[in-house]
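Quick notes on the structure that follows.
The values are calculated or read from the model by the stated rules, or taken from the named source; none is laboratory data. Computed from a prediction, not measured in an experiment: that's the story for all the values here. Don't worry about glycine lacking a Cβ; one is built from the backbone with ideal geometry, like all the others, and counts go over all protein chains shown. Note: accessible area is taken over every heavy atom of the protein model, side chains too, but ligands, DNA and RNA are not part of it. Shrake-Rupley method; radii C 1.70, N 1.55, O 1.52, S 1.80 Å.
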Amino acid sequence: MIRVALHLLVVSTGMMAADLPKAPLAARKSHVHREHGVERSDPYYWLRERDNREVLDYLKAENAYTELAMEDTKELQEDLFREIKGRIKQDDDTYPVRWKNYLYYSRYTEGSEYPRYFRRRAGTGEELGRIIFDVPELAKGHRFYDFDEGEVSPDENLIAFSVDTTGRRIRTLQVKDLESGEILPDRIENVDGGHAWAADSKTLFYTRQDPETLRDYQVWRHRLGTPSADDVLVYEEEDETFSCYVMSSQSEKYI
């Protein structure tokens, strides 16, 4: 580890002496926050605008400069990556967890960054259960893909799951039929994915975020088979210093 640190120091020092172009600097734009009677200057507030072309161009310039400055370390970066990856077991299973009549677990295969989710009926002795989600297949074609398996309904016939393809914790919540393997038409977009089943296995409670701050502040109720536009607001946390979430009690008697 000491040799690696020294190598990085030598490379970095050498690049500092090279004729690198001038590092990009973010523009300073006047913006003042006013809260609780206090004014606070924030000249880089404009960088929060994710879809602003000027922001994107600046980030690209930063990335290009970093690539150029670190050019001589690429081989070392690859060596370090291979060493770290070589210490991780590529094909691995999670320990099966029993819930009611089934055992649930996930499995990684060598070369895949995503797991596959399975379940098998408890007490049957079968070695490999039925696949619930083939996440490597689902992730194809996406530059970013974050999958959350979610929760199984109380009758164990359905499973709620959510997906984020933007990296902003803005997810789409859906439901899969575990018997037929079909994904139901119910689709709840722009939520954080947190949810809980009601005892009837037909009703979902979920949380929604503030569109600006992404603070979880509302709990909604959805009835399977109905448009998400008809969902009912159950609770709203109006205090901006708090968030809210929803879950089932351990007894499954309460939300």
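Of all residues in region 213-237, those that are touching a residue at least 40 places away in the same chain (Cβ under 8 Å) and of a type in the set (Asp, Glu) have Cβ atoms under 6 Å from Cβ atoms of residues that are open to solvent by 50 Å² or more (accessible area, probe 1.4 Å) and not in a loop (DSSP other than H, G, I, E, B), 6 or more apart or on another chain, in ASP231/TRP220. Taking region 22-52, which residues are open to solvent by less than 100 Å² (accessible area, probe 1.4 Å) and among the aliphatic types (A, V, I, L, M)? Once the filter is applied, which keeps residues that are open to solvent by less than 100 Å² (accessible area, probe 1.4 Å) and among the aliphatic types (A, V, I, L, M), region 22-52 yields ALA23, ALA26, ALA27, VAL32, VAL38, LEU47.
From the list ILE188, ILE170, ILE255, the one residue that fits, being open to solvent by 40 Å² or more (accessible area, probe 1.4 Å) and touching an Asp or Glu at 6+ places or on another chain (Cβ under 9 Å), is ILE170.
Starting from residues that are touching a helix residue (DSSP H, G or I) at 6+ places or on another chain (Cβ under 9 Å) and not in a helix (DSSP H, G or I), keep the ones in region 33-52 and report whichever is nearest to ARG168 (Cα to Cα). Looking at residues that are touching a helix residue (DSSP H, G or I) at 6+ places or on another chain (Cβ under 9 Å) and not in a helix (DSSP H, G or I), I get ARG50.
Listed here are the residues, each with its yes/no results for (1) modelled with pLDDT under 95; (2) within 30 Å of ALA23 (Cβ to Cβ); (3) assigned to a helix (DSSP H, G or I); (4) touching a Lys or Arg at 6+ places or on another chain (Cβ under 9 Å).
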position: GLU54; (1), (2), (3), (4): no, yes, yes, no
position: LEU68; (1), (2), (3), (4): yes, yes, yes, no
position: LYS89; (1), (2), (3), (4): yes, no, no, no
position: ARG143; (1), (2), (3), (4): yes, yes, no, no
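Considered as a group, the residues in region 147-166 that are of a type in the set (Asp, Glu) and open to solvent by less than 60 Å² (accessible area, probe 1.4 Å) include one that is nearest to ASN101 (Cα to Cα), and that residue is GLU156.
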